[in-house]
1. Among 74, 416, 44, which residue has its Cα positioned farthest towards the positive end of the charge dipole of the chain, with +1 placed on the Cβ of Lys and Arg, -1 on the Cβ of Asp and Glu, and the dipole taken about the Cα centre?
2. Given charges of +1 on the Cβ of Lys and Arg and -1 on the Cβ of Asp and Glu, with all other atoms neutral, how large is the dipole of region 38-119 about its Cα centre, in debye to the nearest 20?
3. Could you please rank 422, 53, placing first whichever residue has the fewest other Cβ atoms within 10 Å of its Cβ?
4. Convex hull over the Cα atoms of region 105-228, averaged projected area in nm²?
5. Can you give me the long-range amide H partners of residue 80? Hydrogens built in the peptide plane at 1.01 Å from N, cutoff under 5 Å, separation of 5 or more residues or another chain.
6. Taking amide H positions as placed in the peptide plane 1.01 Å from N, state which residues far from residue 48 in sequence (5 or more) or on other chains have amide H under 5 Å from it.
7. Compute the helix-to-body angle for 143-162: its Cα long axis versus the longest principal axis of the chain, expressed 0 to 90° and rounded to tens.
8. Three principal axis extents, largest first, for the C-alpha atoms of region 240-388, in Å?
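Each value in this text was obtained by applying a stated rule to the coordinates, not by laboratory testing. This one's a predicted model, so the numbers in the text were calculated from it and none came from an experiment. Here the Cβ positions follow ideal geometry from the backbone for every residue, glycine too, while neighbour counts run over all protein chains shown.
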Amino acid sequence: MVKERARILVVGGGYVGMYTALRLQRKLKHELKRGDVEITVVTPDPYMTYQPFLPEAAAGSISPRHVVVPLRRVLHQCHVVIGEVTSIDHAKRTAALTTLATHEEGQGGDRLDYDELVLAPGSVARTLPIPGLAEYAIGFKTVEEAIGLRNHVIEQMDIASSTRDPAIRDAALTFVFVGGGYAGVEALGELEDMARYTTRYYHNLQPEDMKWILVEATDRILPEVGEEMGRYTLTELRRRNIQVLLDTRLESCADRVAVLSDGQRFPTRTVVWTAGVKPHPLLAATDLPLDARGRLTCTPQLTVDGAEHAWAAGDAAAVPDVTAEEPGRQTAPNAQHALRQAKVLGDNLAHTLRGEPLDTYAHAYAGSVASLGLHKGVAQIYGRKLKGYPAWFMHRLYHLSRVPTFNRKARVLAEWTLSGLFKREIVSLGSLEHPRAEFELAAGGKPHHDPSDDPKGSS
C-alpha cells in the first residue's frame with residue numbers, strides 16, 4: 001500500500017516513458033483505482049514510435065500506423081497530455097509545459113506540480129554547423145521522416161524518368177546518407193533495396209543509374225555488431241554498388257551539392273543525416289546533475305544521483321553498467337537497455353512508494369541485429385554471428401517480440417505475410433505533406449510551395 005498520495009510525472013512518451021507508465025499501471029493498479037496515485041505522461045506526440053521498424057516503414061514493408069502505438073489506448077489509467085515540458089524546477093517539484101491548447105490560445109504555458117519525476121525525453125539528432133544542412137537534409141528519427149523520405153526517393157525517380165536534363169537526372173538519382181551506425185546503414189539498405197525493385201516499373205531507369213553513397217567519419221560501420229560483421233556489411237554494401245566512404249565527413253550540402261572532406265563533390269537532391277544523437281535540450285533546463293555529455297547522472301537503481309524523487313533511463317540517462325568488467329563503464333543508449341531499464345524503473349518507483357528496497361539494473365549486452373534490405377541482414381547474438389537470410393529472419397523475429405501490444409504484433413506479422421505473397425508497394429504519397437495545396441488552388445488561393453521541391457533546386 002502506498003504510504004501517501006503520490007503524483008507521478010512522466011516526461012516523454014518513447015520507449016522509457018511508455019514502458020515505465022505501463023509498468024506502473026500494472027504494479028499500482030489498486031492504488032490508481034483508489035486515487036492514491038496519479039500518473040501524468042507529457043509527450044509531444046500521442047503515440048510511441050518503435051524506431052527499429054522505421055527502415056521497414058520507409059521501404060514499404062510495414063504500414064506507418066503499425067510502427068506507432070497509441071498512448072491513450074495503452075496507458076488507459078494515465079493522464080496523457082500532448083505537449084512539451086520546457087523546464088523543471090525539481091527543488092520545488094514543478095514543471096513548466098506548453099500544450100496544444102496554449103499554442104492555439106497564445107498563452108504563456110502551464111505549470112504542473114508533482115511528487116515523483118520520471119525524466120525520459122529521449123534524444124535529438126546531433127547536427128553540425130554544415131552549410132545547407134538545415135535547408136536540404138532530412139533526419140531519420142520519426143515515422144514522419146521515414147515516410148517523407150520514402151515519398152521523396154520515389155519522387156526523385158519520377159523526376160529522373162521525366163527530365164531531359166542530364167544534370168537534373170544525375171542529381172535526382174544520387175542519394176547521400178551521412179552516418180554509418182544503425183539508422184544510416186539500415187535506412188540506406190532498405191531504401192536502396194526498395195528503389196532497386198521500383199526501377200523495373202520505369203522504362204528508362206536501371207538500378208545502375210542510381211548512386212547510393214554512405215559517408216562515415218570513422219574507419220568502420222555498424223560497430224554494434226562487432227568488427228567482423230561490420231566488415232561483412234561493408235563488403236555486402238559495396239557488392240550492391242553502394243559507395244561506402246570511411247574516414248570521410250560531409251563539409252557542405254549548400255546549393256544541393258554534397259562536398260566531402262576527401263574533395264569529392266556530388267550534385268544531389270537527397271541528403272539523409274543519421275550521424276548520431278545528443279541528449280534532449282530539456283535536460284539543460286533542469287536543476288538536476290548532468291555528466292560531461294549532458295546526460296542525467298544516475299545510480300544503478302535508476303534514480304538521479306543526489307536528487308530524491310527523480311528517476312531517469314534511456315538516452316537521457318548515464319546509467320552505470322554493473323555487469324562490465326572495467327569500472328566506470330555506462331550502459332549503451334539503445335533500445336535493448338531502454339526497454340529493460342523501464343521495467344526496473346517502474347518496479348523501483350512502486351517499491352519506493354510502498355517503502356520497499358530497490359532493485360539494481362543489471363543486463364549483460366545480448367548482441368545486435370540489423371537489416372540490410374529484404375532477406376539481407378547481419379547479427380551477433382550471444383557471441384554467435386549470423387549473416388544473410390538467417391540474420392534478416394532473426395532481426396524480424398527479435399523486433400516482432402519486442403514491439404509493444406499484441407495488436408501491433410498481429411498487424412505487423414499480417415503485413416509481413418501479405419508482403420511475401422504479393423508485390424511490393426511502390427506508391428509515393430508526397431501530397432500528404434501538403435494536403436491543402438490542391439484545395440487552396442481551387443479556392444483561388446496561392447498553394448504552398450517549398451523551394452526545395454523545385455527540380456533545379458536553389459540554383
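1. 416
2. It comes to approximately 240 debye.
3. Exposure proxy ranking, most exposed first: 422, 53.
4. 13.6
5. 41
6. Amide H to amide H, under 5 Å and 5 or more residues apart or across chains, residue 48 pairs with 69, 71.
7. Tilt of helix 143-162: around 0 degrees.
8. Result, largest extent first: 62, 41, 28 Å.
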